1. Tell me which trypsin sites (Lys or Arg not before Pro) from the chain have a DSSP coil assignment and no more than 15 other beta carbons within 10 Å of their own.
2. How do 69, 30, 10 line up, fewest other C-beta atoms within 10 Å first?
3. Given the Cα-Cα distance of residue 23 and residue 8 and 0.36 nm per residue of separation, how much length would full extension add, in nm?
4. Normalized C-alpha radius of gyration of the chain, against 2.2 N^0.38 Å?
5. Please report the projected area of the stretch 5-58's Cα convex hull averaged over all directions, in nm².
6. At 222 nm, what helix-only mean residue ellipticity would the chain give, in deg cm²/dmol to the nearest 500, using -39500 (n - 2.57) for each DSSP H run of four or more?
Amino acid sequence: MAGMSVLMRSVVPVWILSILAVVAVGVFVSPEMYLVFFPVVLGLALVVTFGIQLLVPVRKGFVNRVSASLGGAVVILAVATAVLAPLAFAAGAKL
């Protein structure tokens with residue numbers, strides 16, 4: 001990781017955590033509850049993002065790093081929603 005920029009070192013872990021959390025929701029949660037847990041995953045990504053940013057000693061680029069972390073997490077959750085929402089509605093989920 002020595003060659004990676006501060007942006008990538010602080011953003012990629014949030015993306016990986018988001019992917020792992022979405023997979024965990026898909027595996028361990030009943031299908032009708034998928035759409036209930038996705039906001040929880042986004043909240044977890046938000047908390048982890050700020051936790052990581054507190055550990056980064058570089059102040060410059062804070063907004064860019066937070067935006068990249070949360071933007072990536074939102075894209076991951078959007079893809080997961082597109083994949084799992086039909087299964088959730090087929091199982092009886094309601095809006």
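A short reminder: the numbers here are calculations on the coordinates, not readings from a lab. Since the structure is predicted, the reported quantities are computational estimates derived from the model, not experimental observations. Backbone-built Cβ (ideal geometry, glycine too); neighbour counts: all protein chains shown.
1. On the way: sites: 9, 59, 60, 65, 94; in loops: 59, 60, 94.
Qualifying residues, ordered by number: 59, 60, 94.
2. Working: 69 26, 30 12, 10 22.
Taking fewest neighbouring Cβ atoms as first place, the list is 30, 10, 69.
3. Details: separation 15, 0.36 × 15 = 5.40 nm, distance 2.22 nm.
Once the chain is fully extended between residue 23 and residue 8, it gains 3.2 nm.
4. Working: Rg = 15.1 Å, N = 95, 2.2 N^0.38 = 12.4 Å.
This ratio for the chain stands at 1.21.
5. Details: hull surface 14.5 nm².
For the stretch 5-58, averaging the hull's shadow over all directions gives 3.6 nm².
6. Details: 3 runs with 74 residues, N = 95.
Roughly -27500 deg cm²/dmol at 222 nm, from the helical runs in the chain.
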